[in-house]
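Peer 1: Just dropping this structure here.
Every read-out reported here was derived from the displayed coordinates using simple, explicitly stated rules and does not represent laboratory data. In this text, all values refer to a predicted model and were calculated from it rather than measured experimentally. Cβ coordinates were reconstructed from backbone atoms using ideal geometry, including for glycine residues, and neighbour counts include every protein chain displayed.
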């Protein structure tokens with residue numbers, strides 16, 4: 001009996017630590033999984049390899065601390081293990097470079113951070129802490145700690161709450177597990193389902209493709225089987241190789 005009581009206390013302690021006061025008002029694991037599954041099953045194609053059905057999601061608070069992370073599947077081994085760190089880093093990035101009045105998705109940072117562009121070395125400024133990575137079952141994993149890491153492709157969005165004075169930035173959402181373009185589509189839907197959009201609405205920091213969009217410093221490359229808001233955009237260009245002499 002004593003062992004059972006101690007076990008129950010331990011589980012309650014872990015649960016409290018996993019979702020502490022610093023995470024109040026943010027979506028928890030159950031919220032994220034429900035929203036991810038609704039996003040991929042919406043009937044509007046998300047493209048990519050898996051249609052957005054095999055995803056990691058992570059949420060950080062305004063301080064950048066990891067509050068929640070979970071897979072869309074009940075069996076986390078059926079989602080790429082490497083995507084856990086990417087989802088956390090995307091959430092951190094979107095939160096780190098957004099403001100109450102300026103929502104910046106990770107997709108919109110792509111061009112700025114490429115060689116020859118003005119933020120090329122940005123990725124060296126906040127490195128990922130590998131000691132805060134969890135195994136696929138999700139134990140440990142740096143909850144209530146700042147894992148850091150910067151990602152400059154689609155799948156990370158800032159999240160907001162509505163207050164009497166307007167929209168206030170409360171953290172970041174990261175989605176990973178498919179192409180970066182599909183990650184962005186699912187992240188956008190998840191944020192909308194959870195009611196966490198910025199002042200400009202669901203599309204305020206939407207992904208930009210050049211082409212077909214006009215040339216833009218916010219542009220992101222087209223991925224394999226790319227859809228945006230249910231409309232097919234195109235496919236990533238195949239690799240080209242120089243002709244042998």
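Peer 1: Hey, can you rank 98-110, 50-62, 222-234 by average C-beta count inside 10 Å, highest first?
Peer 2: 50-62, 98-110, 222-234
Peer 1: Quick one: order 36, 243 by neighbouring beta-carbon count within 10 Å, fewest to most.
Peer 2: Working: 36 27, 243 5.
Lowest count first: 243, 36.
Peer 1: Compute from the Cα atoms of the chain the Rg and the Dmax, the latter being the longest Cα-Cα distance, and quote both in angstrom.
Peer 2: Cα radius of gyration and Dmax of the chain are 18.4, 79 Å respectively.
Peer 1: Expected output is a single nm value to one decimal: the length gained when fully extending between residue 102 and residue 38, i.e. 0.36 nm times separation in residues minus the C-alpha distance. What is it? Walk me through the intermediate numbers first.
Peer 2: Details: separation 64, 0.36 × 64 = 23.04 nm, distance 2.71 nm.
Using 0.36 nm per residue and subtracting the Cα-Cα distance, I get 20.3 nm.
Peer 1: Note the angle between two axes, namely the Cα long axis of helix 29-40 and the longest principal axis of the Cα atoms of the chain, as a number of degrees from 0 to 90, rounded to the nearest 10.
Peer 2: 30 degrees
Peer 1: Using only Cα atoms, find the angle between the long axis of helix 180-193 and the longest principal axis of the chain, and express it within 0 to 90 degrees, rounded to the nearest 10.
Peer 2: The two axes meet at around 50 degrees.
Peer 1: May I pose another question? Given an 8 Å cut-off on Cα distances and at least 6 residues of separation, report the relative contact order of the chain as a percent.
Peer 2: Taking the mean separation of contacting Cα pairs over the length of the chain, I get 24 percent.
Peer 1: Starting from the Cα of residue 119, step 7 Å along the direction of its Cβ; do the same at residue 199; then give the gap between the two resulting points in nm.
Peer 2: 2.0 nm
Peer 1: Between region 102-138 and region 210-245, what is the C-alpha centre distance in whole Å?
Peer 2: 21 Å
Peer 1: When a footprinting reagent is the concern and you count Cβ atoms within 10 Å, what order do 63, 183, 31 take, fewest first?
Peer 2: By the 10 Å Cβ count, ascending: 63, 31, 183.
Peer 1: Per 0.36 nm of contour for each residue apart, how much would the distance between residue 161 and residue 78 grow if the chain were fully extended, relative to their Cα-Cα spacing? Walk me through the numbers on the way to the answer.
Peer 2: Values: separation 83, 0.36 × 83 = 29.88 nm, distance 3.22 nm.
That pair, residue 161 and residue 78, stretches by 26.7 nm at full extension.
Peer 1: With each label point set 7 Å from Cα along the Cα-Cβ vector, what nm distance links residue 229 and residue 168?
Peer 2: That separation, rounded to one decimal, is 3.0 nm.
Peer 1: Further, regarding this structure: With the contact rule set at Cα under 8 Å and sequence spacing of 6 or more, what percent relative contact order holds for region 94-191?
Peer 2: Once normalised by length, the contact order is 31 percent.
Peer 1: If you line up the long axis of helix 82-96 against the longest principal axis of the chain, both from Cα atoms, how many degrees apart are they, to the nearest 10?
Peer 2: Once rounded, the angle reads 80 degrees.
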